[in-house]
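**Q** Pasting a structure below so you can have a look.
The values are calculated or read from the model by the stated rules, or taken from the named source; none is laboratory data. Since the model is a prediction, treat every value here as computed from it, not as a measurement. Cβ placement follows ideal geometry from the backbone for every residue including glycine, while neighbour counts extend to all protein chains displayed.
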Amino acid sequence: SQQGEEDPQALSIQEGENATMNCSYKTSINNLQWYRQNSGRGLVHLILIRSNEREKHSGRLRVTLDTSKKSSSLLITASRAADTASYFCATDGDNYGQNFVFGPGTRLSVLP
Amino acid sequence: DAGITQSPRHKVTETGTPVTLRCHQTENHRYMYWYRQDPGHGLRLIHYSYGVKDTDKGEVSDGYSVSRSKTEDFLLTLESATSSQTSVYFCAIGGGGNTEAFFGQGTRLTVV
């Protein structure tokens, strides 16, 4: 079963606005990661946040993690048309953290 | 793309035939993964490997087998292809669930 569930399933915003996506998960984790997938391409790693971290930044990206609520959020500030993509959260899997469990993703459309 | 190559990139095959997909890496990563991606399901883990000849099942392993005889190659075999195995297959490499994964470009498989 899927560990992570992203919300919303789809999001449409104007260029320059901020985009926020959420991820909820079910069991305890050691870390949570966010990936981006452009149409027809493989996934690209964006950021990893460990369970003892609450917030992490990378350029225009800000990720928060609330382990008490089993949730994470990805904020993209000042969005651009090039940010149009699907975004996935992934948690370390059940098997001693050897693999990744992905949610179904959020489809982000940034309109010019 | 982090030294990871999938072949073939596209394949159409008939129901009941065996199919083998290849993943090749030049990064010497210990872990290799096979995922399938279907609309509404995100990425689901089929099998993964944590070393030469060391493999384990994922969430959706029925109808699939894998082999890893060399560090750089991870093969996924559909023993007798069915229409339900029509999907996009992604290979990924990495250091385990606590580090980022690098994805290949995907193989689009159609079973007719």
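**Q** Which numbered condition in (1) hydrophobic (A, V, I, L, M, F, W, C); (2) in contact (Cβ under 8 Å) with a residue 24 or more places away in the chain; (3) over 29 Å from B:Ser87 (Cβ atoms) is the only one that A:Ile49 fails?
**A** (2)
**Q** Can you find, within region B:54-112, the residue that is farthest from the other protein chains (Cβ to nearest Cβ) among those that are of a type in the set (Asp, Glu) and more than 20 Å from A:Asn38 (Cβ to Cβ)?
**A** B:Glu79
**Q** Looking at region A:24-37, which of its residues are closer than 21 Å to A:Pro8 by Cβ and more than 11 Å from chain B (Cβ to nearest Cβ)?
**A** Passing the criteria: A:Ser24, A:Tyr25, A:Lys26.
**Q** Sticking with this one: Would you mind telling me which numbered condition in (1) touching a helix residue (DSSP H, G or I) at 6+ places or on another chain (Cβ under 9 Å); (2) facing chain B (nearest Cβ under 8 Å) A:Leu48 fails?
**A** Going through the list (1) touching a helix residue (DSSP H, G or I) at 6+ places or on another chain (Cβ under 9 Å); (2) facing chain B (nearest Cβ under 8 Å), A:Leu48 breaks only (1).
**Q** Inspect region B:19-33 for any residue being among the hydrophobic types (A, V, I, L, M, F, W, C) and either within 12 Å of chain A (Cβ to nearest Cβ) or in contact with an Asp or Glu (Cβ under 6 Å, 6 or more places away or on another chain) (or both) and give the result as yes or no.
**A** Yes, that holds for at least one residue.
**Q** Could you go through region B:77-93 and let me know if any residue there is under 12 Å from the mean Cα position of the chain (by Cα), of a type in the set (D, E, K, R) and either under 26 Å from B:Glu14 (Cβ atoms) or at pLDDT 95 or above (or both).
**A** There is no residue in region B:77-93 that is under 12 Å from the mean Cα position of the chain (by Cα), of a type in the set (D, E, K, R) and either under 26 Å from B:Glu14 (Cβ atoms) or at pLDDT 95 or above (or both).
**Q** Kindly establish whether B:Leu21 is in contact with a helix residue (DSSP H, G or I) (Cβ under 7 Å, 6 or more places away or on another chain) and under 18 Å from B:Thr107 (Cα atoms).
**A** When the stated conditions are applied, B:Leu21 does not pass them.
**Q** I need the full set of residues from region A:52-92 which are within 14 Å of chain B (Cβ to nearest Cβ) and either closer than 17 Å to A:Pro8 by Cα or crowded, with 18+ Cβ neighbours inside 10 Å (or both), in order please.
**A** Listed by number, the residues that qualify are A:Val63, A:Ala85, A:Ser86, A:Tyr87, A:Phe88, A:Cys89, A:Ala90, A:Thr91, A:Asp92.
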